[in-house]
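The values are calculated or read from the model by the stated rules, or taken from the named source; none is laboratory data. This structure is a prediction, so every number in the text was calculated from the model and none was measured. Here the Cβ positions follow ideal geometry from the backbone for every residue, glycine too, while neighbour counts run over all protein chains shown. Please note that ligands, DNA and RNA were not included when accessible areas were found on the heavy atoms of the full protein model with its side chains. Shrake-Rupley method; radii C 1.70, N 1.55, O 1.52, S 1.80 Å.
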Amino acid sequence: APCSLPGLLSGRLRQQEDARLQLSRTLQQTYERLQTLYESAQVVSSTLELQEVLDRLTRSVTEVMAAKACSIRLLDNTARRLCLASTYGLSEEYLQKGCLLVDQNPLVREVLRGTPVAVSDIAQDPRLQYPAEALAEGIRATLTVPLQGRQGPLGILRVYHDRVHDFTDSDRAFLSAAASHG
């Protein structure tokens, strides 16, 4: 049966409206992410209190990425352990697992070399040091980026999702920019 002209036009109008709505959502998300970066830059320039800067960063990243949680881990002076410096959204029980051991964690080694690493499904990725604890915490996906200093890596910034999640290039770029502010 041939398509009617009004039906064809109506379908095209619906497609255009859907495209406009998607563009509007993308622009709103981009605006919120830029606002978060701007606010974190203001905090960094207004205070020298490191803990306040790190805590605001983890909270803001969690909120703007609609994530379960966020953490910052810094290398100790031996550069063999990544110890928790700030967290938002993780339980005390989960935090008790301790520092990450760089030698026992291939994912962390990759991130410390400068590469953001996304794990879309924790249950399917063998690179994590504490996968059972992550699953028990309700963590299903992570995106981890390096915190770089002038002399090399300082630690990692990690965002956690409570569902299997495919991170986008935009997610990687935002989290990397947030890490550079931190």
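Residues that are more than 17 Å from the chain's Cα centre (by Cα) and not polar (S, T, N, Q) number at least 2 in the following strands (runs of 3 or more DSSP E) confined to region 111-170: 152-161. Considering the conditions (1) modelled with pLDDT of 75 or more; (2) more than 15 Å from the chain's Cα centre (by Cα); (3) open to solvent by less than 30 Å² (accessible area, probe 1.4 Å); (4) over 21 Å from Ala118 (Cβ atoms), Leu82 is excluded by exactly one of them, (4).
Within region 65-108, the set of residues being touching a residue at least 60 places away in the same chain (Cβ under 8 Å) and of a type in the set (A, V, I, L, M, F, W, C) comprises Met65, Ala67, Ala69, Cys70, Ile72, Leu74, Leu75, Leu82, Ala85, Leu90. Among residues of region 109-130 that are touching a residue at least 60 places away in the same chain (Cβ under 8 Å), those with a beta-carbon under 6 Å from a residue that is assigned to a strand (DSSP E or B) and surrounded by 15 or more Cβ atoms within 10 Å (Cβ to Cβ) at least six positions away or on a different chain give the pairs Pro116/Val145.
Conditions (1) of a type outside the set (Val, Ile, Thr); (2) part of a helix (DSSP H, G or I); (3) on the phi > 0 side of the Ramachandran plot; (4) at pLDDT 90 or above, marked per residue:
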site	(1), (2), (3), (4)
Glu17	yes, yes, no, no
Thr26	no, yes, no, no
Leu74	yes, no, no, yes
Lys97	yes, no, no, no
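This table checks each residue for (1) among the aromatic types (Phe, Trp, Tyr); (2) open to solvent by 40 Å² or more (accessible area, probe 1.4 Å); (3) in contact with a strand residue (DSSP E or B) (Cβ under 9 Å, 6 or more places away or on another chain).
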residue	(1), (2), (3)
Ala67	no, no, yes
Thr78	no, yes, no
Ser86	no, no, yes
Leu100	no, no, yes
Asp103	no, yes, no
Val108	no, no, yes
Thr115	no, yes, yes
Ala118	no, no, yes
Ala136	no, yes, no
